[in-house]
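In what follows, a single structure is set out as structure tokens and then discussed.
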Amino acid sequence: NTFGQLTPPAGTFKQVSAGGLHTCGIRTDDTLTCWGQNANNALAAPAGTFSKVSSGRVYHSCAIRTDGTLACWGYNNYGQASPPTGTFIDVTVNESLFENQFTMIYEEGS
């Protein structure tokens, strides 16, 4: 818990995703917040309402908005914080400290 990633802010969350150095959660009002280390803007969660969030090991996170579109933020040297357009039903962020970071996404209907 060196960076506070294990200490959530006050409130109630309906979904939480823990990365290695930061954690993000969706509150009961569907808003998103992140806590822990802010390297590469990992805590810069976008405004809006969300249905699912996935935090990477260190560098970035992605979340599905309630309208099905995808938002990603944080480290973007490999394009992982630049999501494609479309409607999504699931997202999983997967990254390695020493290899290219990537995000696996599942588009509705595929």
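The values are calculated or read from the model by the stated rules, or taken from the named source; none is laboratory data. Note that this is a predicted model, so its numbers are computed, not measured. Positions of Cβ are backbone-derived with ideal geometry, glycine not excepted, and every protein chain shown enters the neighbour counts. Please note that ligands, DNA and RNA were not included when accessible areas were found on the heavy atoms of the full protein model with its side chains. Shrake-Rupley method; radii C 1.70, N 1.55, O 1.52, S 1.80 Å.
What the table below lists for this structure:
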{"read-out": "Filtered residue count, the stretch 35-57, keeping only those that are under 16 Å from residue 80 (Cβ atoms) and crowded, with 17+ Cβ neighbours inside 10 Å", "value": "7"}
{"read-out": "Inter-residue pairs, beta-carbon under 8 Å, first in contact (Cβ under 8 Å) with a residue 40 or more places away in the chain and in the stretch 45-61, second of a type in the set (D, E, K, R) and open to solvent by 10 Å² or more (accessible area, probe 1.4 Å), 6+ apart", "value": "56/95; 57/95; 59/95; 60/95"}
{"read-out": "Some residue of the stretch 7-19 being charged (D, E, K, R) and under 12 Å from residue 74 (Cα atoms)", "value": "no"}
{"read-out": "Residue under evaluation residue 29, criteria (1) open to solvent by 70 Å² or more (accessible area, probe 1.4 Å); (2) outside any loop (DSSP other than H, G, I, E, B); (3) modelled with pLDDT of 90 or more, criterion not met", "value": "(2)"}
{"read-out": "The stretch 68-91: number of residues that are over 23 Å from residue 22 (Cα atoms) and either hydroxyl-bearing (Ser, Thr, Tyr) or open to solvent by less than 50 Å² (accessible area, probe 1.4 Å) (or both)", "value": "5"}
{"read-out": "Strands (runs of 3 or more DSSP E) contained in the stretch 44-110 and holding at least 3 residues at pLDDT below 85 and hydrophobic (A, V, I, L, M, F, W, C)", "value": "102-107"}
